[in-house]
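First the structure, in the form of structure tokens, and then the observations on it.
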Number of protein chains: 2
Amino acid sequence: MRTTTFDPKAYIRTVPNWPIEGVQFRDITTLLGDKEGFRLMIDALADRYRGLDIDTIVGLDARGFIIGAPLAYLLDCKFVPIRKKGKLPFETIGETYELEYGQATVEMHTDALSKESKVLLVDDLIATGGTLLAAQKLIASFDAEIVEACAVIDLPDLGGSNKLREAGLKVYALCEYEGE
Amino acid sequence: MRTTTFDPKAYIRTVPNWPIEGVQFRDITTLLGDKEGFRLMIDALADRYRGLDIDTIVGLDARGFIIGAPLAYLLDCKFVPIRKKGKLPFETIGETYELEYGQATVEMHTDALSKESKVLLVDDLIATGGTLLAAQKLIASFDAEIVEACAVIDLPDLGGSNKLREAGLKVYALCEYEGE
């Protein structure tokens, strides 16, 4: 029986005015950098997804790798990275999405999934949801199933988690910062 | 008793002429993307470092995160990322190193380590050793101890692992490609 109540916010640091004036950046390095916090975070997610026959963790470049890779180990899954454009060496498919200024492209190897794959999609943070929506499209092109998209933090004020739900994804985060 | 002999090369794919003509790129996504391979890789490294009182995994951006984060979980360590310039939100120290064309800078948070830290430094690949040498300098600025630098692959022909040993680091890789 797990008796510790895990509050991620007790470990997360807020850095004011980063990367630009007026933004309160939620910094998970203080959570990763606390061995109890790190373990409780991974256990909380692993407990949620155990027994669901998930066979693939898809992690988003780069902080999603830190959350997703331990989950792959604990849930006996393979690990698939979605990377920024130009980082994957084999044949890729890409998806381009809009940023506030300009565009970004994320890529996946063409042999990364199959239509039998049962995927857990993992990132650290849900903000505007652009990267996760692009990831959903990439995974959909394999006809693979996404069991859920999960993150450590959701920022619901930025609308990403709602947009993902409207796109048909199940979404989960360990904590959220709202109206702060 | 572990009865499986783990050969990482059986899972690693070679992509010819990537990122430039004449380079044989050793692609670990096929290792990460095989659940047995992924587990055996992490277990092999965890087995090597268990019982050495390591308390901190320092992982290098970004593939080092995929190897280092599961090790942090299994070895009951905290996880500290070394990131490319401009990615860390809090106060940082940086180290600049030479590339074939130009320079790169890696950074670490100023509160990431202490002089009591016992660190395992983790990346996916040792090539020319530039990033790992920069990481060593960053960690040395805390007076922290580096127990070993480890990777999945060493490319000894490129001289990095030798350079690291000359700089006083213990170095270990699960496999190497030499004269190929």
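The numbers here are math on the coordinates, done by the rules we state, and not lab data. Because the structure is predicted, anything quoted here is derived from the model rather than measured. Counting neighbours? That spans all protein chains shown, and the Cβs are built from the backbone with ideal geometry, glycine included.
General observations
- Each residue, B:Lys118 and B:Glu98, gets one label point 7 Å from its Cα in the Cβ direction; the gap between the two is 3.7 nm.
- Under the convention that each Lys and Arg Cβ holds +1 and each Asp and Glu Cβ holds -1, the size of the dipole of the protein assembly as shown around its Cα centre is about 280 debye.
- Segment A:Tyr172-A:Phe90, length gained on full extension (0.36 nm per residue, minus Cα span): 26.4 nm
- Its Cα centre serving as origin, the stretch B:1-91 has a Cβ charge dipole (Lys and Arg +1, Asp and Glu -1) of approximately 200 debye.
- Counting only other chain Cβ atoms within 10 Å of each residue's Cβ, the peptide B:33-43 averages 4.
- Cα-based equivalent ellipsoid, chain A: semi-axes from gyration tensor eigenvalues, Å: 25, 21, 14
- Cα centroid separation - the stretch B:84-121 against the stretch A:44-87, whole Å: 25 Å
- Extending 7 Å from the Cα toward the beta-carbon at both B:Ala140 and A:Ser141 defines two label points whose distance is 4.5 nm.
- Note on the stretch B:67-127: along the principal axes its Cα atoms extend 39, 28, 20 Å, ordered by decreasing extent.
- By the Stokes-Einstein formula, at 1.306 mPa s and 10 °C, the stretch A:110-166 with its Kirkwood radius over alpha-carbon pairs has D equal to 136 µm²/s.
- For peptides A:141-153, B:156-168, B:64-76, sequence by mean Cβ density within 10 Å, most packed first: B:64-76, A:141-153, B:156-168
- Computed over Cα pairs, the Kirkwood radius of the protein assembly as shown leads via Stokes-Einstein (0.890 mPa s, 25 °C) to a diffusion coefficient of 118 µm² per second.
- Two-site label geometry, B:Glu36 and A:Glu36: point separation in nm, points 7 Å out along Cα→Cβ: 4.0 nm
- Rounded FRET efficiency, nearest 0.05, which uses the C-beta distance separating A:Asp111 from A:Arg165 and R0 of 30 Å: 0.50
- If a spin label sat at a point 7 angstrom from the Cα of A:Leu158 along the line to its beta carbon, the backbone N atoms of the stretch B:84-121 nearer than 18 Å would be those of B:86-90.
- The magnitude of the dipole of chain B, with charges of +1 and -1 set on the Cβ of Lys/Arg and Asp/Glu and taken from the Cα centre, is near 300 debye.
- Cα-based Rg of the stretch A:1-97 normalised by 2.2 N^0.38 Å, two decimals: 1.29
- Between B:Ala44 and B:Val23, residue separation times 0.36 nm minus the direct Cα-Cα distance comes to 4.8 nm.
- Positive dipole terminus of the protein assembly as shown, leading residue within B:Leu71, A:Leu32, A:Ile12 (C-beta point charges): B:Leu71
- Extent of the stretch A:8-63 along its three principal axes (Cα atoms, max minus min coordinate, largest first): 44, 24, 14 Å.
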